[in-house]
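Report on one structure; see the data block that follows.
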Amino acid sequence: MIDFTLTDEQRDLRDRTRAFVTDEIIPYEKDPRVTPHGPTDELRLELNQLAREAGLFAPHVPTQWGGMGLDHTDMALVFEAAGYSPLGPVALHCAAPDEGNMNLLAKVATPEQQERYLKPLAAGETRSCFNMTEPGGAGSDPTMLETTAVPDGNHFAINGRKWLITGANGAAFTIIMAHVPDGHGMEAGPTMFLAPMDSDGIKIERDLETMDSSFTGGHCEVVFDNLRVPADAVLGEVGQAFRYVQVRLAPARLTHCMRWLGGANRAHDIATDYAKNREAFGKPLGEHEGVGFMLADNEIDLQQSRLMIWWTARELDAGSKARHESSMTKVAVSEALFRVADRCVQILGGMGMTEDTVVNQMFREIRGFRIYDGPSEVHRWAIARRILKNR
């Protein structure tokens, strides 16, 4: 039976989160510590404390690591409510890339690695980053990985260049994707490694200037110059990184959808309020058919996005890997939410071009969503391959 009815507990959780973000977090949006490269760590820690006091900190983290231990369905409600402000996911400690990294470490890391890296990350004491994307190398096609990790005794020597590494500036540690070459008496192939970001051999070469501004630590270009890591720094097994990427990415695609659904809702609410109160040609804007139809289309796109997110969340909660479902949802939701944000800018007119409202930022942030965790074109290609294989 298909049932989209929320329980009393779920409604309370959603409403408490929305009230917290509206009352406690939105007032911080004009704080000078919100920079073009994201909120500072000082602000992040302050917001984290507010979330702790509200009982809403780390909703996705297993209870054994101090989180709320929510399943994907309940996360969909909380993450959407958190995304109503760009600072909401930061406050609740469920923003990318930390949220995806925590999920990966909880499922793949050894107990020793979890104690060293996951425990302080889950507590909000540290931040992390994920080094996979390369200029001219691995990106949408991870098989183009150029960074190497050459075995050297009981260590690996890692060399390569990464870019668009979210949160690298100020991160305590990183997960690195590198290729272990043949001929060293072990399985070769793409492998994940853990390393402190202050290690000799890691250099943040530059902060990239990007369209978005909601990620603490911004986006950076990182160079690995003969970084030596011990054999116990391998995350999982040598040669199995592509398998672990799927462990991380399928849920991470969906949590992106959840957060930006909240942001698109915020933009829609601002545009709706403007359309009710701004008059032109003798009546409120919203009573003009062109504007009214844009609001109607927004409502349709928002609800369709929400239902697709809930559908995929329930597939994940039922034990499915949900690769097909998450790809479809990521494409549909990222494109629908961009349409919503674009219409909101149009409804606001000149005001939509300014930073007097958060709509300008939501438009820029959501545009990037069509690229993060696989662009629409790659997901459509993967969806098509599965259709042809299974029909």
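Check Asp232, Asp182, Asp225, Asp200 and return the single one that is farther than 30 Å from Asp74 by Cα and assigned to a helix (DSSP H, G or I).
Being farther than 30 Å from Asp74 by Cα and assigned to a helix (DSSP H, G or I) holds for just one of Asp232, Asp182, Asp225, Asp200, which is Asp232.
Being under 28 Å from Ser305 (Cα atoms), surrounded by fewer than 20 Cβ atoms within 10 Å (Cβ to Cβ) and either in contact with a helix residue (DSSP H, G or I) (Cβ under 7 Å, 6 or more places away or on another chain) or in contact (Cβ under 8 Å) with a residue 60 or more places away in the chain (or both), is that true of even one residue in segment 29-46?
Yes, the conditions are met somewhere in segment 29-46.
What strands (runs of 3 or more DSSP E), lying completely within segment 71-168, carry at least 2 residues that are more than 24 Å from Glu205 (Cα to Cα)?
148-152
Kindly provide the set of residues from segment 287-343 that are out of contact with any helix residue (DSSP H, G or I) (no Cβ under 9 Å at 6 or more places or on another chain) and among the acidic types (Asp, Glu), ordered by number.
Glu289
Enumerate the pairs (first residue in segment 351-374 and within 30 Å of Ala250 (Cβ to Cβ) and touching a residue at least 40 places away in the same chain (Cβ under 8 Å); second residue anywhere and small (Gly, Ala, Ser) and in a loop (DSSP other than H, G, I, E, B)) with beta-carbon separation below 8 Å, excluding pairs fewer than 6 apart on the same chain, so at least 6 apart or on different chains.
Cβ pairs passing all conditions: Val358/Ser85; Gln361/Ser213; Gln361/Ser214; Arg364/Ser213; Glu365/Ser213; Glu365/Ser214; Tyr372/Ala96; Gly374/Ser140.
Within segment 266-316, take every residue that is under 26 Å from Gly88 (Cα atoms) and of a type in the set (S, T, N, Q) and give me the one that is surrounded by the most Cβ atoms within 10 Å (Cβ to Cβ).
Looking at the filtered set, the residue picked out is Thr312.
Provide a single number: the residues in segment 193-252 that are touching a Gly at 6+ places or on another chain (Cβ under 7 Å), closer than 15 Å to Val108 by Cα and among the basic types (Lys, Arg).
Of the residues in that region, 1 qualify.
Would you mention how many residues in segment 12-27 are buried (at least 19 other Cβ atoms within 10 Å of the Cβ) and either within 18 Å of Val359 (Cα to Cα) or within 20 Å of the chain's Cα centre (by Cα) (or both)?
4
Across segment 367-391, what is the total count of residues that are surrounded by 13 or more Cβ atoms within 10 Å (Cβ to Cβ), of a type outside the set (Phe, Trp, Tyr) and not in a helix (DSSP H, G or I)?
Qualifying residue count for the region: 5.
Sort through Ile300, Ile309 and tell me the only one that's among the β-branched types (Val, Ile, Thr), closer than 30 Å to Ala138 by Cβ, at pLDDT 95 or above and not assigned by TED's automatic domain parsing to the domain that holds Arg161.
Every option except Ile309 fails the conditions.
When you check Pro27 against the structure, is it farther than 21 Å from Leu254 by Cβ and outside the structural domain of Thr312 (by TED's automatic domain parsing), yes or no?
Judged against the criteria, Pro27 is a match.
For segment 268-303, give me each residue that is touching a residue at least 24 places away in the same chain (Cβ under 8 Å), touching a Lys or Arg at 6+ places or on another chain (Cβ under 9 Å) and of a type in the set (Gly, Ala, Ser).
The answer is Ala271, and nothing else.
The values are calculated or read from the model by the stated rules, or taken from the named source; none is laboratory data. Just so it is clear, the model here is predicted, and its values are computed rather than measured. Because the Cβ atoms are built from the backbone with ideal geometry, glycine has one as well, and the counts that use them run over all protein chains shown.
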